[in-house]
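Before any comments, here is the structure.
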Amino acid sequence: MKPSRRSFLASAAAPAMAFSASSIHAEEAKPNLIREENAKPGADDWQLTRVRIDSDSNGKRSSDIEGYCSKQSVAAGETIDIFVSVKVPADYKLEIFRTGYYGGKGARLMKTFAKLPGKTQAVPASTRGDRHLHECLWEPSVSLTIPSDWPSGVYLGRLTTPDQTGHGYWQNFVVFVVKDDRPADICLQTSDNTWQAYNQWPKNVSVYTHPKGNQGPWADVSFDRPYAKYSQIYENPNSFGSGEWLCFEFPMAYWLEEQGYDVTYCTNADMTDPAYARPGRFKAFLSNGHDEYWDIREYENVVKLRDEGTNLLFFSGNAICWVTPMTPASDGRPNRIMFRGGPYGGEYKYAVARERDEGPFPHRGPDEGYLLGSRNVDPVNGGGDWICVKPDHWIFEGTGMKAGDAIPGLIGWEYHGDPPKDLPGLEVVGAGTALQSGINPQQWTATIYPGPKGNFVFNASTIFWCQGLSSPPGHMLPWSHWSRPHGPDGRVQRITKNLLDRAVG
């Protein structure tokens, strides 16, 4: 369990803590909260219906109406500002929804602002020299204090403005997380650092679009800007303003809430705070979807969770790939600017090659294989079937799977492989070959290993895992590299249930 690592630079002064030491254990456990919440009526209409892409935005921006939030997450009693811009000044509507199960409807309407004055707000110029930072300095449109009865979850604000021809309307989302401080069986983390790394708003502005190249440490990106349409592998119009939540993560939350698990939600930034991510608070911590970008503080806090007995379940691929320093906004709000600081991997060959080919980088993180159970490899993208190799393991109980049985298309579009050979107790439970557009084969491995206090760490080794759990409203099945998952699969559901039931007791 001893990750070796090269020294790295300190990212930034520690931000103000979301939860002070005096607030620890202040909230009571509410094991029935999610069941009670999902018994409330869901919304029939919460998705985006009409969107329009700006012709000069490289197919990514929808400026008829767009917005962003002042924080990635907010607790009950705290205030979050929502910033909105419209192309043509007009009154608009803002509806706040909590995403969940809700009898299969997928969201519940929490609050409506029926008529708000809209104005056009400026696209920021690039700052920080050649760092290409685009940080919006818009005026707040709405200040929302979170009511005490709003449970933790991922919330979408739907923005609707009239079409100026009088024949319709245009829409967009904003997204934020409501967090809490209560003990819970499960903490489900959004992978929103990765959403922001790939966000190209307003046009070709991301950590991947710098003129010097798409893999270096050259670009700063800000959370103070709208989310453009998701920019990879497939077209999902519901991704306007919602990051990658509806693409690659919502099926996990929908299924967890359908099953009645006691779950609370957080962001990558929340997990940098040791008061939030304190050992003993959760029985299981879940990484979900495409969880590529981690601040080193998050890494260290999650290692501490494991070492103190929390079960870790990585239902994700390409996770913990880049050290991602998070620094304050220009007005001092913490964790609002990030960049690709350098690879995780320690002295593992893939990290060494990245340093050689794309560096120099100011940071080098530990070998993530000693936390994940397997590593980021090269090539890291492709597609394939998820194949059982150890059918007698308890994770396969009740699935009927035999050695060699495959779940079609579940590997993709990025994964993990090459598990550390000296990690005590590590078992490979799934393994096979991924193909990059039909060529460039690479071996992936799904693993499990014991923690030091009767806990365990599981790595599903694919971004697509939750595609096998559910297909909620607002979600589209992805495809990549000429391979695709097929949607809900009873075997994926049972494996996940076995893992979670063991984790939460």
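What nm distance separates the two modelled labels at Glu36 and Ala114, each placed 7 Å from Cα along Cα→Cβ?
In this crude label model, Glu36 to Ala114 measures out at 3.0 nm.
Report, to the nearest whole %, how much of the accessible area of region 377-491 belongs to carbon and sulfur atoms, 1.4 Å probe, protein only.
Numbers: 2340 of 4350 Å².
On region 377-491, the fraction of accessible area on carbon and sulfur atoms equals 54 percent.
Give the peptides 490-496, 184-190 in descending order of average Cβ contacts within 10 Å, highest first.
For the peptides 490-496, 184-190, the packing ranking is 184-190, 490-496.
Out of residues 5 or more away from Trp413 or on other chains, whose amide H comes under 5 Å of its own, with H placed 1.01 Å from N in the peptide plane?
For Trp413, whose amide H was placed from the backbone, the distant partners under 5 Å are Ile463, Phe464.
Which FRET efficiency, nearest 0.05, do Asp44 and Asp149 yield, Cβ-Cβ r, R0 22 Å? Please list the in-between numbers first.
Details: r = 22 Å, r/R0 = 1.01.
Given R0 = 22 Å and the Cβ-Cβ separation, E is 0.50.
Excluding ligands, DNA and RNA, what is the solvent-accessible area per residue of region 139-257 at a probe of 1.4 Å, expressed in Å²?
Accessible surface, normalised per residue, equals 24 Å².
May I ask you to give the solvent-accessible area per residue for region 372-471, in square angstrom, as obtained with a 1.4 angstrom probe?
33
If R₀ is 56 angstrom, what is the calculated FRET efficiency for the pair Asp501 and Arg52, using the beta carbon separation as r and rounding to 0.05?
0.75
Can you pull the semi-axes for the chain, root of five times each eigenvalue of the Cα gyration tensor, sorted largest first, whole Å?
That gives 33, 26, 23 Å for the three semi-axes.
With labels modelled as points extended 7 Å from the Cα through the Cβ direction, what inter-label distance (nm, one decimal) is found for Glu347 paired with His167?
6.8
Using only the Cα atoms of region 129-194, what are the Rg and Dmax in Å?
17.3, 51
Sort the following peptides by mean Cβ neighbour count (other Cβ atoms within 10 Å, averaged over residues), highest first: 35-47, 99-111.
Peptide ranking by packing, descending: 99-111, 35-47.
Roughly what percent of Cα-Cα pairs across region 339-424 reach past 15 Å?
Working: 2464 of 3655 pairs.
Everything past 15 Å amounts to 67 percent.
To the nearest 10 degrees, how steeply does helix 490-504 sit against the main Cα axis of the chain, on a 0 to 90 scale?
80
If you roll a 1.4 angstrom probe over the protein chains with everything in place, what fraction of the accessible area of region 157-223 belongs to carbon and sulfur, to the nearest %?
52
What value, in deg cm²/dmol to 500, does the helix sum -39500 (n - 2.57) over DSSP H runs of n ≥ 4 give at 222 nm once divided by the residues of the chain?
After summing the helix terms and dividing by residue count, I get -3500 deg cm²/dmol.
Determine the alpha carbon to alpha carbon distance for each of Lys115/Lys179; Lys119/Lys203; Lys60/Lys105; Lys30/Lys93; Lys283/Lys390; Lys105/Lys497 and list only those over 31 Å.
From Lys115/Lys179; Lys119/Lys203; Lys60/Lys105; Lys30/Lys93; Lys283/Lys390; Lys105/Lys497, over 31 Å: Lys30/Lys93.
Taking only Cα atoms, what is the 0 to 90° angle, nearest 10, from helix 250-259's long axis to the longest principal axis of the chain?
It works out to around 70 degrees.
Which of the peptides 411-418, 78-85, 379-386 is most tightly packed, and how do the rest follow, going by the mean number of other Cβ atoms within 10 Å of each residue?
Packing proxy ranking, top to bottom: 411-418, 379-386, 78-85.
Starting from the Cα gyration tensor of region 95-146, multiply each eigenvalue by 5, take the square root, and state the resulting semi-axes largest first in whole Å.
33, 17, 9
What is the list of residues in region 48-82 whose amide nitrogen lies under 20 Å from a point 7 angstrom out from the Cα of Ala90, following Cα to Cβ?
48-56, 61-68
Once you place label points 7 Å from the Cα toward the Cβ at Ala29 and Asp405, how far apart are they in nm?
3.4
Compute the angle between helix 296-307 and the longest alpha-carbon principal axis of the chain, please, reported from 0 to 90 degrees and rounded to the nearest 10.
50
The values are calculated or read from the model by the stated rules, or taken from the named source; none is laboratory data. Quick caveat: nothing in here was measured; it's all calculated off a predicted structure. Note that each Cβ is placed from the backbone with ideal geometry, even for glycine, and that neighbours are counted across all protein chains shown. Areas reflect the complete protein model, heavy atoms only, side chains present, ligands, DNA and RNA absent. Shrake-Rupley method; radii C 1.70, N 1.55, O 1.52, S 1.80 Å.
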